Structure formats: structure tokens, C-alpha cells
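Down below is the structure, laid out as C-alpha cells.
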Amino acid sequence: MRMRFVVMVMLLPALMRAGSECRSSCRLTNISITLESEECGSCITTDTTACAGLCKTQESVYRSPLMLFYQNTCNFREWTHETYEFKGCPARADSVFTYPVALSCECSKCNSDITDCGVLSQQTLSCNAH
């Protein structure tokens, strides 16, 4: 009986970590994005990282007009930018395309000043779709 208790105590931290991962599945994910330059007449598909997953949300039955309401979404915590330069463009054409690359993620209120807070399409557009 004592041995079972010792084993259960040793497993408790692992079980708690597993439980926390199930509660928040907001994490980095690999995605493909299409970069297009109409001025250069070219299009490529490249791989990058973004944030995706579920965040814990509670919606009140009654919403008070005095209290602000928002839902946490899976957002970039840290990011960098990568740049792609289209080759063979006409003179004075804007041939540089810069896009964000997620380094880490968090569940937080979406900041619409710097983020498109809409739904990210899971469908990859190909260069031939246009």
C-alpha cells in the first residue's frame, strides 16, 4: 500500500503537466502562405510558422454593459519578420515582401492594432488559383 502511494506522488507532477497541456493547446504550427507580386507578375508558396489552437474561454450568461467583455485567442507572443525578394521585376517595382514568423504563442486578447483578428483560412491558395 505504501509503495502505491509513493508511485502516485511521483506521477502527480507529470499528470498535472499533461492536464495543463490539454487546457491550452495554443502553440506554434507550420503553415504555407502564398506570396504574390502583381507588379512582378510572379507568385510563390513558402512555409512559415504561426500560432493556432484553442484557448480557455468562459462566456457569461449575463453581460453587464458596465463590464468589458473579450475572449482570449491564440496569438503571437514573440515574432520576427522574414523577407522574400521577387526576382526579375521591372525597374521601380516593389519586389520585396515581408511577412511575420511566430517564435512563441500565448492565449491573450487579440490586438487589432497590429493583428488581423479574423479567422485564418486553413486552405492554402495556390499561385494558379488567381
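Data table
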quantity: Formal net charge of residues neighbouring N75 (Cβ-Cβ distance under 15 Å; K, R +1; D, E -1); calculated: 0
quantity: Label-point separation in nm, C117 to T98, each point 7 Å along Cα→Cβ; calculated: 2.5
quantity: Carbon and sulfur %, accessible surface of the range 28-89 computed with the full protein complex present, 1.4 Å; calculated: 49
quantity: Solvent-accessible area per residue for the range 44-92 (1.4 angstrom probe, square angstrom); calculated: 86
quantity: ³J(HN,Hα), Karplus 6.51/-1.76/1.60, whole Hz, each residue of the range 70-81, x for Gly, Pro; calculated: 8, 10, 6, 10, 7, 10, 5, 8, 10, 8, 9, 10
quantity: List R92, R27, ordered by accessible area with a 1.4 Å probe, largest first; calculated: R92, R27
quantity: Segment T57-S25, extension gain: residue separation times 0.36 nm, minus the distance between their alpha carbons; calculated: 10.3 nm
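The values are calculated or read from the model by the stated rules, or taken from the named source; none is laboratory data. The model shown is predicted, which means the values in this text are computed figures rather than measured ones. A quick note on method: Cβ atoms are made from the backbone with ideal geometry, for glycine too, and the neighbour counts reach across all protein chains shown. These accessible areas exclude ligands, DNA and RNA; they are computed on the full protein's heavy atoms, side chains included. Shrake-Rupley method; radii C 1.70, N 1.55, O 1.52, S 1.80 Å.
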